[in-house]
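Here is the structure we will look at, set down as structure tokens.
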């Protein structure tokens, strides 16, 4: 490229020198790549690349502390997680998480909290039932590790 554009600079010695180009990238190529990726997946990224991999939805304020505890456990494993602490109806929270195309949702109520379990919803499959938190954690880690498209 320096030769093609006949680029020169004046060095400390007062002479003209040809610059050396070490790296070149077309401006905006990273942005175009991200745009293509978003378009390809229509925003529904596989779990391993999703910006938010798990969304925890406590049903009442009583369940928020349990939700935060689970979120901390997942964050320690580098799982990208958010807790929806808003005082909204659970149906509204679920719909919003679906619109955000979050791969996994955990619905936490008193029953789940007492049992140390989680009610799991998977994008594209809906409610898959209640399971122990350790089982869920292992399921997410396997989906991330194997880079599977579907959970």
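Collect the residues in region 83-121 that are in contact with a helix residue (DSSP H, G or I) (Cβ under 9 Å, 6 or more places away or on another chain) and surrounded by fewer than 18 Cβ atoms within 10 Å (Cβ to Cβ), keeping them in residue-number order.
Within region 83-121, 85, 86, 87, 88, 101, 109, 110, 116 qualify.
Within region 46-68, can you find the residues that are closer than 16 Å to residue 119 by Cβ and under 19 Å from the mean Cα position of the chain (by Cα)?
Result: 54, 55, 56, 57, 67.
Taking the conditions exactly as written (modelled with pLDDT of 95 or more, touching a helix residue (DSSP H, G or I) at 6+ places or on another chain (Cβ under 8 Å) and surrounded by fewer than 19 Cβ atoms within 10 Å (Cβ to Cβ)), does residue 130 satisfy them or not?
So residue 130 passes the test.
Does region 50-60 include one or more residues that are over 17 Å from residue 123 (Cα atoms) and touching a strand residue (DSSP E or B) at 6+ places or on another chain (Cβ under 6 Å)?
yes
Among the residues of region 141-148, is there at least one that is touching a helix residue (DSSP H, G or I) at 6+ places or on another chain (Cβ under 9 Å) and either within 15 Å of residue 55 (Cβ to Cβ) or buried (at least 16 other Cβ atoms within 10 Å of the Cβ) (or both)?
no
Among (1) free of Cβ contacts under 8 Å to residues at least 12 places away in the same chain; (2) surrounded by 12 or more Cβ atoms within 10 Å (Cβ to Cβ), where does residue 2 come up short?
Status for residue 2: all satisfied but (1).
Could you list, in sequence order, the residues of region 118-132 that are out of contact with any strand residue (DSSP E or B) (no Cβ under 9 Å at 6 or more places or on another chain) and in a loop (DSSP other than H, G, I, E, B)?
124, 125
Determine if region 34-45 includes at least one residue that is buried (at least 18 other Cβ atoms within 10 Å of the Cβ), under 29 Å from residue 145 (Cβ atoms), touching a residue at least 60 places away in the same chain (Cβ under 8 Å) and touching a helix residue (DSSP H, G or I) at 6+ places or on another chain (Cβ under 9 Å).
no
The values are calculated or read from the model by the stated rules, or taken from the named source; none is laboratory data. As the structure is a prediction and not an experimental result, all values here were calculated from the model. A quick note on method: Cβ atoms are made from the backbone with ideal geometry, for glycine too, and the neighbour counts reach across all protein chains shown.
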